[in-house]
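Working notes for the structure below.
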Amino acid sequence: MYAQMVDTGLNKVVDASQMSPQEQAFQARIDADVKVEPRDWMPEAYRRTLVRQIQQHAHSEVVGQLPEGNWVTRAPTLKRKAILMAKIQDEAGHGLYLYSAAETLGVSRDDLIDDLHAGKVKYSSIFNYPTLNWADIGAIGWLVDGAAIMNQIPLCRCSYGPYARAMVRICKEESFHQRQGFDIMMAMCRGSADQKAMAQDALDRWWWPSLMMFGPSDAESVHSAQSMRWKIKLLSNDELRQRFVDQTVPQAEYLGLRVPDPALRWNAQSGHYETGPIDWAEFQAVLRGHGPCNRDRIRVRKEAWDDGQWVREAAMAHARKRAERESRAAA
Amino acid sequence: MTSEWPLWEVFIRSQHGLAHKHAGSLHASDAEMAMKNARDVYTRRNEGVSIWVVKSADVVASAPGDREALFDPANDKVYRHPTFFPMPDEVKHI
């Protein structure tokens, strides 16, 4: 999931008796599946939580370009390179749709970006892992984008109109990403023994971080429960993770790859796969900034932002000057 | 100096014969850049045959609080719909 452990700023789920009449009316509309639109009244905690969630999601799209950008110049063929560039361009677009959705809640784009650079707001833990070789580009598309789709499809029905609409657009484009990843994996698995070993190595390294993307079990989480009442989270982290495992394991089998989980087994009774324990200490460490690439990702983002400052200022100065010249000519 | 570019709303005509529809928004320093960015951000997969960009600040929107005043008066005028007038089965083409 691209937005992980989003804080609602509340320490318990708000029930009807604690709500003002205005809040009750708001919750009733959400319960009736009426979408909330930007200028509608909304509780401050709902607005703040949404800003945080959409912002995390947007930052993830943008930072997610970095591990892939690493391989643009080293893609094995011109075709693969063109496809990878199209995918990275999509990620930039997805970030823009989401920033725009967040801005409808009364925050400025620059403030959102400042929050990322200051480390106040996170992006998905997954993008703090390195892309060591071309097989990683395949594994990212297949697993990481696959996990993202799992999370994003339910969000197309979320209660906030601009966020839901951004999700619809993103989901339409995202399945290209997953398929191009699987296509890379297929090519490598049908290739030489060395190529297949690279594909296996990529799966070995990306499997567990992909499962961590959904976040820790949120059965006990106040924030998750409140977000579900507000319908800005539709399914629990564990539910989404289970769906992902159930759909992905047969795909790995098709590729002839081994999922790196000795405890993985099919439970015929439940109709689901059972998995071994996830190393949540690793997840927490990555979130705290101790993943393999945390510092590097933010440094590169900041550099790009700072290097572009003069361009942003020059474009604005040019626009102002031209507008002045035009208004003088009209006078 | 803070220099955040103004916000623009993007409207796309998906095919000839259909109206332009709001697609989303973006930042750009002027109209020309807004048009280029709209093309890159909102029409990467042949979604459009025509683009309008409008400065968000120039959009005049109705307030949610005015909803009742604006739209409720239509509620008690059901006679504006053809189904208000039952027609006998024998009468055709009406």
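The values are calculated or read from the model by the stated rules, or taken from the named source; none is laboratory data. From a predicted model like this one, the values you see are computed outputs, not experimental measurements. As a convention, Cβ positions derive from the backbone with ideal geometry for all residues, glycine included, and neighbour counts pool all protein chains shown. Ligands, DNA and RNA are stripped out before the accessible areas are found, and what is left, the full protein with its side chains, is counted by its heavy atoms. Shrake-Rupley method; radii C 1.70, N 1.55, O 1.52, S 1.80 Å.
Enumerate the amide H contacts of A:V36 below 5 Å, restricted to partners 5 or more residues apart or on another chain; note that Pro and chain-start residues carry no placed amide H.
Those lying under 5 Å, H to H, from A:V36 are A:Y160, A:G161.
Are there any helices in chain A, counted as whole DSSP H runs, that stretch 30 Å or more along their axis by Cα and score at least -0.5 on average by Kyte-Doolittle, and if so which?
Within chain A the helices that satisfy the rule are A:78-103, A:161-189.
By how many nm would the segment from A:V168 to A:E303 grow when fully extended, if each residue of separation counts as 0.36 nm and the alpha-carbon distance is taken off?
Working: separation 135, 0.36 × 135 = 48.60 nm, distance 3.17 nm.
Fully extending the segment from A:V168 to A:E303 adds 45.4 nm.
Can you list the residues of the range B:46-94 whose accessible area drops by at least 30 Å² going from the chain on its own to the full set of protein chains, with a 1.4 Å probe?
B:P64, B:R67
Highest mean first, what order results for A:117-127, A:251-261, A:55-65 on Cβ atoms within 10 Å?
Listed from highest to lowest mean packing, they are A:55-65, A:117-127, A:251-261.
Which value, to two decimals, describes the C-alpha radius of gyration of the range A:48-131 once divided by 2.2 N^0.38 Å?
Rounded to two decimals, the normalised Rg is 1.20.
At a 1.4 Å probe, what is the % contribution of carbon and sulfur to the accessible area of the range A:220-263?
After summing per-atom areas, the C and S share lands at 53 percent.
Can you give the mean number of other chain Cβ atoms that lie within 10 Å of the Cβ atoms in peptide A:103-116?
What the average comes to for A:103-116 is 2.
Taking just the C-alpha trace of the range A:1-48, give me its Rg and Dmax in Å.
For the range A:1-48, the Cα-based Rg and Dmax read 12.0, 34 Å.
Do any residues of the range A:30-71 show a loss of at least 10 square angstrom of accessible area between the isolated chain and the full protein assembly, using a 1.4 Å probe, and if so which?
By number: A:R39, A:D40.
Any number yet on Rg/Rh for the range A:49-197, C-alpha, Kirkwood?
1.01
Between A:Q195 and A:A118, 0.36 nm times their residue separation minus their Cα-Cα distance comes to what?
Length gained between A:Q195 and A:A118: 23.7 nm.
Residues of the range A:249-331: accessible area per residue at 1.4 Å, in Å²?
68
With no solvent and one point on each alpha carbon, what is the Debye value of log10 I(q)/I(0) for the range B:1-47 at q = 0.23, 0.26 Å⁻¹?
-0.81, -0.96
Given labels modelled 7 Å from the Cα in the Cβ direction, how far is it in nm from B:N75 to B:V91?
3.0
Rolling a 1.4 Å sphere over the protein heavy atoms, what is the accessible area per residue of the range A:185-230, to the nearest Å²?
41
Over the range A:14-164, with every protein chain in place, what whole percent of the accessible area is carbon and sulfur at 1.4 Å, could you tell me? Can you show the working numbers first?
Details: 3120 of 5360 Å².
With neighbouring chains kept in place, the figure for the range A:14-164 is 58 percent.
Starting from the 7 Å offset along Cα-to-Cβ, what nm value, one decimal, do you get for the label separation of B:D58 and A:D238?
Reported label-point gap for B:D58 and A:D238 is 5.4 nm.
First measure r as the distance between the Cβ atoms of A:A285 and A:D33, then evaluate 1/(1 + (r/R0)^6) with R0 = 35 Å and state the FRET efficiency to the nearest 0.05.
FRET efficiency, A:A285 to A:D33: 0.35.
What size of dipole, in debye to the nearest 20, comes out for the protein assembly as shown about its Cα centre when the only charges are +1 on Lys and Arg C-beta atoms and -1 on Asp and Glu C-beta atoms?
980
Hey, could you pull the Cα Rg and Dmax for chain A, both in Å?
Over chain A's Cα set, Rg and Dmax evaluate to 21.6, 80 Å.
What is the interface area between chains B and A, defined as buried accessible area summed over both chains with a 1.4 Å probe, reported in Å² to the nearest 100?
For chain B against chain A, roughly 2000 Å² becomes buried.
Of the heavy-atom accessible surface of chain B (probe 1.4 angstrom), what whole percent is carbon and sulfur?
Carbon with sulfur: 58 percent of the solvent-accessible area.
Over the range A:90-146, with the other protein chains present, what is the accessible area per residue in square angstrom, probe 1.4 angstrom?
Ligands and nucleic acids excluded, the result is 24 Å² per residue.
What average count of beta carbons from other chains do you get within 10 Å of the Cβ of residues in A:159-166?
Shielding by partners across A:159-166 averages 1.
Let me have the relative contact order for the range A:89-183, percent, based on Cα pairs under 8 Å that are six or more residues apart.
Normalised by residue count, the contact order of the range A:89-183 is 33 percent.
With unit charges on the beta carbon (Lys/Arg positive, Asp/Glu negative), name the residue among A:P260, A:A314, A:I298 whose Cα is farthest towards the positive pole of the charge dipole of chain A.
Positive-most Cα among the choices belongs to A:A314.
Under 5 Å between amide H atoms, partner at least 5 residues away or on a different chain: which partners does A:K233 have, H built in plane at 1.01 Å?
A:M228
Any idea how many Lys pairs in chain A come in under 17 angstrom at the alpha carbon, given 8 or more places apart or on separate chains?
Counting lysine pairs in chain A gives 8.
Under the definition of Cα pairs under 8 Å and six or more residues apart, what whole-number percent is the relative contact order of chain A?
Relative contact order, chain A: 21 percent.
In square nanometres and to one decimal, what's the mean projected area of the convex hull around the Cα atoms of the range A:219-331?
Seen from a random direction, the Cα hull of the range A:219-331 projects 14.9 nm² on average.
So if I take the alpha carbon set of the range A:199-276, get Rg, then get Rh from the Kirkwood formula, what is the Rg over Rh ratio?
When Rh is taken as the Kirkwood radius, the ratio is 1.04.
Where the centroid of each part is defined by its Cα atoms, how far is the range A:24-43 from the range A:49-101 in Å?
Cα centroid to Cα centroid, the span is 31 Å.
What is chain B by shape, rounded, prolate or oblate, if you read a ≥ b ≥ c off the alpha carbon gyration tensor as root eigenvalues and call it rounded for a/c under 1.5, prolate for a/b larger than b/c, and oblate otherwise?
Details: a/c = 5.54, a/b = 1.89, b/c = 2.93.
Oblate.
Give me the distance in nm between label points sitting 7 Å out from Cα along the Cα-to-Cβ direction at A:A263 and A:D40, one decimal.
4.2
Please arrange A:K12, A:K81 by accessible surface area, largest first, computed with a 1.4 Å probe and ligands excluded. Before the final figure, lay out the partial values.
On the way: A:K12 110, A:K81 65 Å².
Of A:K12, A:K81, the descending order of accessible area is A:K12, A:K81.
For a protection proxy built on the mean count of beta-carbon atoms within 10 angstrom, sort A:230-240, A:159-169 highest first, please.
Ranked from most to least packed, the peptides come out as A:159-169, A:230-240.
Calculate, for A:S270 and A:A219, the FRET efficiency according to 1/(1 + (r/R0)^6) with r their C-beta to C-beta distance and R0 22 Å; round to the nearest 0.05.
0.80
Accessible area drop of at least 40 Å² (1.4 Å probe, protein heavy atoms): which residues of the range B:24-38 qualify, relative to the chain alone?
B:H27, B:S29, B:D30
As an exercise, use a Förster radius of 22 Å and the Cβ-Cβ distance of A:W310 and A:S108 to find the FRET efficiency, rounded to the nearest 0.05. Each step should come with its number before you reach the end.
Working: r = 20 Å, r/R0 = 0.91.
According to the calculation, E is roughly 0.65.
Cα-based Rg of the range A:1-95 per 2.2 N^0.38 Å, rounded to two decimals?
Numbers: Rg = 19.9 Å, N = 95, 2.2 N^0.38 = 12.4 Å.
Normalised Cα radius of gyration, the range A:1-95: 1.60.
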